[in-house]
Amino acid sequence: MRTRILLALFVLAAGMVQAQTPTLKVGYADVDYIFSQMPDAKKIETELQSTQTQLKNQLDVKVKEFQDKLAKYQQGGATMLEAVRANEERELQQMQANIEKLQIDSQATYQKKSQQLMEPVYAKVGKAIEDVAKENGFHFILNQQVGGLDVILYGDEKLDVSDLVLKKLGVTPVPAPGK
């Protein structure tokens with residue numbers, strides 16, 4: 001009898017604990033999909049492409065100058081005075097070092113420009129995700145992918161809030177292939 005009473009109390013206590021434990025509502029969003037649907041995406045892509053083209057053109061000019069000077073050196077190097085040849089070689093080495101530095105600086109400039117353009121968009125999307133989560137009672141919203149790797153290996157499509165986020169941003173979702 002005592003065992004039955006303890007068992008009943010245990011079941012009652014477990015039921016009360018379970019009743020007090022809130023059910024977690026988890027959703028996910030595909031941030032790449034959201035971004036691709038936003039009008040800002042095309043503008044940012046165009047601006048980054050323009051920056052990349054400008055940087056490439058600057059680099060191409062320096063590379064062409066180097067190649068021309070190298071070709072001239074190779075043609076006349078054997079007949080040059082030793083002091084002139086040494087000077088030409090130093091100039092070529094310096095030009096090559098400047099090209100390498102320009103490549104590194106160009107990459108840094110491009111990354112900085114990309115970050116500058118993307119930061120406000122990511123903040124806007126983050127705010128919209130937060131608003132959608134609060135409005136729809138979600139406790140967690142996960143990103144579907146991070147760095148090209150799936151974070152969500154399976155997710156019920158009903159829990160994908162990507163289109164709700166787009167609507168919150170004032171964008172009418174256009175189904176992407178595979179969505």
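Laboratory data are not the source of any read-out in this text; all were calculated from the coordinates shown. What you see is a predicted model; the values in this text were computed from it and never measured. Ideal geometry is used to build each Cβ from the backbone, glycine not excepted, and the neighbour counts take in all protein chains shown.
For region 60-141, the square roots of the Cα gyration tensor eigenvalues, ordered a ≥ b ≥ c, give a/c of at least 1.5 with a/b greater than b/c, which places it in the prolate category.
With a/c under 1.5 counting as rounded, go ahead and sort region 23-168 into rounded, prolate or oblate using the C-alpha gyration tensor (a ≥ b ≥ c being the square roots of the eigenvalues; past the cut-off, prolate if a/b is larger than b/c, else oblate). It would help to have the intermediate numbers written out before the result.
Values: a/c = 4.94, a/b = 3.79, b/c = 1.30.
It is prolate, given that a/c is not under 1.5 and a/b is the larger ratio.
Positive contributions from Lys and Arg (+1) and negative ones from Asp and Glu (-1), summed over other residues with Cβ under 14 Å from the Cβ of Val84, come out at 0. In straight-distance terms, cross-link reach from Lys167 covers every one of the aspartates and glutamates whose alpha-carbon lies under 16 Å from its own, apart from those fewer than eight places away in the same chain; here that gives Asp30, Asp32, Asp40, Glu130, Asp131, Glu135.
Projecting the Cα atoms of Leu70, Thr23, Asn57 onto the charge dipole of region 17-80 (Cβ charges, centred on the Cα centre) puts Leu70 farthest toward the positive pole. Legend: distances between Cα atoms for Lys43/Lys112; Lys42/Lys134; Lys42/Lys113; Lys56/Lys112; Lys42/Lys112; pairs beyond 21 Å are Lys42/Lys134.
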